[in-house]
Amino acid sequence: MVTDAQNILDSKQSTSAHVFHYARFGVFALSCLFGVFALMAGPVWVIICFVFFAATLGGGDLFLGEDEKIYHYKHPNVFYLGQYLTIPIIYANVFMLAWITGLPNDTFGFAAWLQSISGIDLMQIHATVSWPTHALSVLLASLLVGLWGALAAVVIGHELTHRTEQPHNLFFGRLAQAMSLFTYFSIEHPYGHHNTVCTPADAATAVRGQTFWQFLFSSIIGQYKNCWNLEKARCKKLGKSHWGFSNRLMQGYLMEAGVVAFFAYCGGIVGIISLLIVALVSHTILELANYIEHYGLVRLPSKPVQPRHSWNSNNTITYWYTVGISRHSHHHADAGIEFWNLEPIPEAPKCPSGYFATMMLAMAPKYWNKIMTPKLLEWDEHWASDEEKELAVEANERSGLPELEEAARRYRETQAQAARETV
């Protein structure tokens, strides 16, 4: 941990952990399990699942407030076990979606098997009278699995692929990401983003004045490009071709190809379209996370990442659903820390709210700028180093936002006046 972050963290008091403190990080797994039954029960239950998720995450952050406690756990391996056990639940959702895309066929005879052991008639539940009805069912199911895909990449994939020295965790992490065609994240995030965050080299850091909709595609394209360059350089250093399976991108693509082939087999073109919707939804949610976590922040590439280089959130439900990643300031100050050891750092710059509400805000540029412009000016004043103040002024001048441009103009005038007085 960097020095100033350590001073912050050492000043905090620890609290004892109870059973609940382990179980609360299973909220995603429970939601995902609910998703399996919702997909089985039909479109109405899928909608109910969405409403339940939004009410839980949005309402929970509103009413439960923030959690700024520090926890210590005697049995941290429980968390790894929980993540491993969640992966089959995730893929149960994937299987159900692929099965739905194959209707009116009973792919793999799953409905017949389920009816033989439980009496539940899935074919009757999912009986459709027209293609629009079936298309709506597939769309809703794809949107739900896309949501799970984003959470799987964050809750499981992100954590496990940060364990770069543990091949088995890397494998399971990529497996969680493969369902949404997101395995490149396991390379670009720990080896790219964590080294270049808040600098022009990082495609996943949104610049001031950039709307989320502008950022979405520039970030995805930029990260894929950065990831390819990272693997190309690594393979060259190893004396191996970057077109072979020494390239970890290729390994990820192979896992993703298996998912694509499965959907193609189950649903044909409908299956492929469904998977693309899953990937689009997952990528959009994950880029929303990237957008809100570092928007407008700046750093000299030669200086270490500090807690001030992330927008932090200590909101309780966000903390549970994202398994601690919302304590983003600590995560970036020390990327090797496991999620259960991440600490709140209340003094770090904060998101406007929990992740759900902040993401909703980010999709409305007018209101996003209204909230974030004062927060950026506050960051410039209270958190930026002297060198970063100059970078922030340059970013304000390029932002296209009147308030930031005016702040930059005043800063330049003040500097010029000080220079004249010195002479």
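All of the numbers you see were taken from the coordinates with simple rules; none came from a lab. This structure is a prediction, so every number in the text was calculated from the model and none was measured. FYI the Cβ positions are ideal-geometry reconstructions off the backbone, even for glycines, and counts take in every protein chain you see.
Distant-in-sequence amide contacts of residue 66, defined by a placed amide H-H separation under 5 Å and a gap of 5 or more residues or a different chain, comprise 316. Once the Cα-Cα distance is subtracted from the 0.36 nm per residue extended length, the residue 377 to residue 276 segment shows a gain of 32.4 nm. Computed 3J(HN,Hα) for segment 339-354, one whole-Hz value per residue from the Karplus formula 6.51 cos²θ - 1.76 cosθ + 1.60 where θ = phi - 60°, is 4, 6, 9, 5, 10, x, 6, x, 7, 6, x, 10, 4, x, 7, x, glycine and proline marked x.
With K and R counted +1 and D and E -1, the other residues having a Cβ less than 9 Å from that of residue 320 yield a net charge of 0.
Considering only 183, 161, 128, the Gaussian network model of the chain with Cα springs below 10 Å gives its largest mean-square fluctuation to 128. Please label the shape of segment 306-423 as rounded, prolate or oblate, based on the square roots a ≥ b ≥ c of the eigenvalues of the alpha-carbon gyration tensor (a/c under 1.5 means rounded; beyond that, a/b larger than b/c means prolate, else oblate). It is oblate, given that a/c is not under 1.5 and a/b is not larger than b/c. For the pair residue 254 and residue 303, the difference between a 0.36 nm per residue extended length and the Cα-Cα distance amounts to 13.9 nm. For a straight C-alpha distance cut-off of 14 angstrom, the aspartates and glutamates reachable from residue 69 (same-chain residues fewer than eight places away being disregarded) are 10, 343, 347.
Straight Cα distances below 16 angstrom link residue 232 to the aspartates and glutamates 188, with same-chain residues fewer than 8 positions distant left out. Within the listed set 192, 336, 173, the residue fluctuating most in the Gaussian network model of the chain (springs between alpha-carbon atoms under 10 angstrom) is 336.
When the square roots of the Cα gyration tensor eigenvalues are ordered a ≥ b ≥ c, the ratio a/c for segment 210-308 is 1.5 or more and a/b does not exceed b/c, which makes its shape oblate. For the listed residue pairs 350/375; 74/350; 303/350, the alpha carbons are over 18 angstrom apart in 74/350; 303/350.
Here the label points at residue 370 and residue 412, each 7 Å from Cα along the C-beta direction, are separated by 2.9 nm in the simple model.
Listed by chain and number, the aspartates and glutamates whose C-alpha is less than 17 Å from the C-alpha of residue 389, apart from same-chain residues fewer than 8 away, are 378, 380, 381, 397, 403, 405, 406, 413.
Against the main long axis of the alpha-carbon atoms of the chain, helix 402-422 sits at an angle near 30°. Springs between Cα atoms under 10 Å define the GNM used for the chain, and in it the highest mean-square fluctuation of 187, 117, 292 occurs at 117. Measuring between their Cα centroids, segment 36-58 and segment 320-347 lie 29 Å from each other. Residues whose amide H comes within less than 5 Å of that of residue 208, counting only those at least five positions distant or on another chain, are 296 (H built at 1.01 Å from N in the peptide plane). Segment residue 403..residue 37, full-extension length gain: 126.8 nm, with 0.36 nm per residue of separation and the alpha-carbon distance subtracted. In this structure, the amide hydrogen of residue 312, modeled 1.01 Å from its nitrogen in the peptide plane, lies closer than 5 angstrom to those of 350, 351, counting only residues at least 5 positions away or on a different chain.
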